[in-house]
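Accompanying notes for the structure given below.
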Amino acid sequence: MKFVQIIEYETDRAQEVSQVFDDWMQATEGKRTMTRDCHTQDRDKAGHYVDIVEFPSYEKAMLNNDLPETQRTADRFRALCTSEPRFVNLEVVDEWT
């Protein structure tokens, strides 16, 4: 079953956060299990961002989470946020296009 994680966070260092994620993409090439990431910025609240990350399954998401590169990236990412990020973990029940 497809799995989606929503990461909601605030930062005043958006360029640096983007670089952290770019570094992670490069470091996990061929290893990561993420199938899609949609990075969004709130039009109504400056400094508020939401990432929608898709995985083939919860199990694949946990493999991705356990990568040393993911753990290091998480630490770097949190240091750039102005408050603790909020994670929402979702099993996809239905999907329409």
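Readers should treat all values here as calculations from the given coordinates under stated rules, not as data from a laboratory. Values in this document were obtained by computation on a predicted structure and should not be read as measured data. All Cβ positions, even for glycine, are placed from backbone atoms using ideal geometry, and neighbour counts span all protein chains on display.
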Of the conditions (1) surrounded by 12 or more Cβ atoms within 10 Å (Cβ to Cβ); (2) in contact (Cβ under 8 Å) with a residue 60 or more places away in the chain, S83 fails just one. Which one is it?
(1)
I'd like the residue in region 81-94 that is polar (S, T, N, Q) and assigned to a loop (DSSP other than H, G, I, E, B) and, out of all such residues, is nearest to D12 (Cα to Cα).
T82
Which one is farthest from F87 (Cα to Cα) among residues in region 1-45 that are more than 11 Å from the chain's Cα centre (by Cα) and among the basic types (K, R)?
K31
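Yes/no per residue for (1) surrounded by 14 or more Cβ atoms within 10 Å (Cβ to Cβ); (2) of a type in the set (D, E):
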{"position": "V17", "(1), (2)": "yes, no"}
{"position": "D22", "(1), (2)": "no, yes"}
{"position": "R43", "(1), (2)": "no, no"}
{"position": "L63", "(1), (2)": "yes, no"}
{"position": "F77", "(1), (2)": "yes, no"}
The residue that is surrounded by the most Cβ atoms within 10 Å (Cβ to Cβ), considering only those in region 45-61 that are in contact (Cβ under 8 Å) with a residue 40 or more places away in the chain, touching a helix residue (DSSP H, G or I) at 6+ places or on another chain (Cβ under 9 Å) and under 17 Å from Q15 (Cβ atoms), is Y49
